[in-house]
Each structure stands twice: as C-alpha cells, then as structure tokens.
Amino acid sequence: KVVQFSAVGDIMVHSTQLASAYDSKCKCYNFNPVFKNVKEYLTKADIAFGNLETTLPGDSKLFAGYPQFGAPDELADTLKDIGFDILATSNNHSVDTGRKGIDHTIDTLDKLGIKHLGTYKSQEEYEKNRVLLYEKNGIKFAFLSYTYSTNGIQIPKDKVVRLIDKALISEEIARAK
C-alpha cells in the first residue's frame, strides 16, 4: 500500500498578498493565481496537509497581514480547490482575530469539507476530536497539532488552542495508537 503525502507550512496572507488578491470588479478575493505553480502537486497527492497560519474571521474589518493575520473565506475556497484535505489551525496566529476568528475558521473549513485540527470552538468539541484519524488507500493516519504560543494573545475562555505540553502529547499519541 502506498500513499503520496504533501505537506505545506505557513499558509498565510500578508497585506501585499491580500491587496493583490482583491478584485474590485466583484469586490471579492481570488487567491488561485498564488497557488497555480503548486496546484498540480497538491491535487496529485493522496493526502495534502497544510498549516493554516491565519484565521478566517468572516469580517472584512479583520482582514490583515502581519502582525495579526486575518484572511477572507476565499482563501479556504482556493485551498479546497487546489486539493488540501487537512489543515492544522494551531499556531502562533490562531487567536489573531479572537473568538470570531476561531469559530468562523472552523465553520468555513467544515462547510468546505476540509478536515482540521488544533483549534476548537469548545472543550466538548476538543474532547471529541483530540486525535484526527484519517484513512487513505487502506492506511490509517493519526494527526496531532500543537503550538508553542499565541504571541501573547489570550485564548478566549471557552475556546481551545492546543499548546505544546509533553504530557498531553504523550497522552494523545497513546490515544492515537
């Protein structure tokens, strides 16, 4: 059995990328040109995994590049179109647009059918989805995702962003097995 796996880090949108993706005719964003040179590699992969290093807050007032990232939903549409199956959402920018960013990112990825892990809308959701199990070509995979920090931004009390914790990681690896 064989699985072709592609992994991509730090999918983020800086201010210049945000501006270049904006189409004033439709008042929308188009990120397809940014990924045109890698699309064939991602669509060929049996599993395409990426680190979504931004949030999708669903509010244009929160769209921004460095230092606090927020991208339009069209980014997720493009990621789906180019073949991403799974996105990690726990990273140092997970809380950049607060509660709204965590919730809307998860809702958007769910709507598109992109699996995700690392941030959760509630403790209950986290408990149900601590390990992302994914099967392809008869091979089972377990995915875990953690971050070292949220750049000093406090995680909203009712949300979960998985932070690096050796005991927790060991527990979740055992659970995955």
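Projecting the Cα atoms of VAL3, LEU133, THR150 onto the dipole axis of the chain, where Lys and Arg carry +1 and Asp and Glu carry -1 at the beta carbon, places VAL3 farthest toward the positive end.
Accessible area of LYS36 (1.4 Å probe, protein heavy atoms only, ligands and nucleic acids ignored): about 140 Å².
Take every Cα-Cα pair in region 57-108 and report what % of them are more than 15 Å apart. In whole percent, the long-distance tail amounts to 44. Note on region 25-81: Cα Rg divided by 2.2 N^0.38 Å, N the number of residues, gives 1.24.
Here the mean projected area of the convex hull built on the C-alpha positions of the chain is 10.5 nm². Output the pairs from LYS25/LYS111; LYS36/LYS166; LYS36/LYS157; LYS100/LYS177; LYS136/LYS157 with a Cα-Cα distance over 32 Å in this structure; if there are none, say none. Flagged as over cut-off: LYS36/LYS166; LYS36/LYS157; LYS100/LYS177; LYS136/LYS157.
What order, most packed first, do the peptides 155-162, 113-120 have when packing is the mean number of other Cβ atoms within 10 Å of each residue? It would help to have the intermediate numbers written out before the result.
On the way: 155-162: 17.4, 113-120: 20.4.
Order by mean packing, descending: 113-120, 155-162.
Measuring with a 1.4 angstrom probe and ignoring ligands and nucleic acids, GLU125 comes out at about 50 Å² accessible. Accessible surface ranking for LYS1, LYS39, 1.4 angstrom probe, highest first: LYS1, LYS39. Per residue, the convex hull spanned by the alpha carbons of region 78-177 comes to 107 Å³.
When the accessible area of region 65-177 is split by element with a 1.4 Å probe, what percent falls to carbon and sulfur? Write down the numbers at each step before the final one.
On the way: 2820 of 5580 Å².
Carbon and sulfur: 50 percent of the exposed surface of region 65-177.
So for region 122-165, what are the equivalent ellipsoid semi-axes in whole Å, largest first, each being the square root of 5 times an eigenvalue of the Cα gyration tensor? Working shown, then result.
Details: eigenvalues 136, 35, 8 Å².
Here the semi-axes work out to 26, 13, 6 Å.
Among THR16, THR55, THR89, which one shows the biggest mean-square fluctuation in a GNM of the chain, springs joining Cα atoms closer than 10 Å? The residue with the greatest mean-square fluctuation here is THR16.
Taken along the Cα-to-beta-carbon direction at a fixed 7 Å, the label points for ILE155 and ILE139 span 3.1 nm.
Using the Cβ-Cβ distance between LYS128 and TYR66 with R0 set to 25 Å, the FRET efficiency works out to roughly 0.15. Springs between alpha-carbon atoms under 10 Å, Gaussian network over the chain: tell me which of LEU133, LEU56, LEU163 tops the mean-square fluctuations. Largest GNM mean-square fluctuation: LEU133.
The residues of region 12-92 expose, per residue, 48 Å² of accessible area to a 1.4 Å probe.
Placing unit charges on C-beta atoms (Lys and Arg positive, Asp and Glu negative, everything else neutral), compute the dipole magnitude of the chain about its Cα centre in debye, rounded to 20. Don't skip to the end; give the middle numbers.
Values: 23 positive and 23 negative charges, 48 e Å.
With only Lys, Arg, Asp and Glu charged at Cβ, the dipole is about 240 debye.
Could you work out [θ]222 nm for the chain from helices alone, using -39500 (n - 2.57) per DSSP H run of at least four and dividing by all its residues? Round to the nearest 500 deg cm²/dmol.
On the way: 7 runs with 58 residues, N = 177.
It comes out at -9000 deg cm²/dmol, rounded to the nearest 500.
When only Cα pairs below 8 angstrom with a gap of at least 6 residues are kept, the chain shows a relative contact order of 21 percent.
Looking at region 99-177, the accessible area is 59 square angstrom per residue; that uses a 1.4 Å probe and ignores ligands, DNA and RNA.
The values are calculated or read from the model by the stated rules, or taken from the named source; none is laboratory data. Note that the coordinates shown come from a computational prediction; the quantities given were computed from them, not determined experimentally. Using ideal geometry, Cβ is built from the backbone for each residue, glycine included, and neighbour counts are taken over all protein chains shown. Just so you know, the surface numbers come from the protein's heavy atoms only, side chains and all, with ligands and any DNA or RNA stripped out. Shrake-Rupley method; radii C 1.70, N 1.55, O 1.52, S 1.80 Å.
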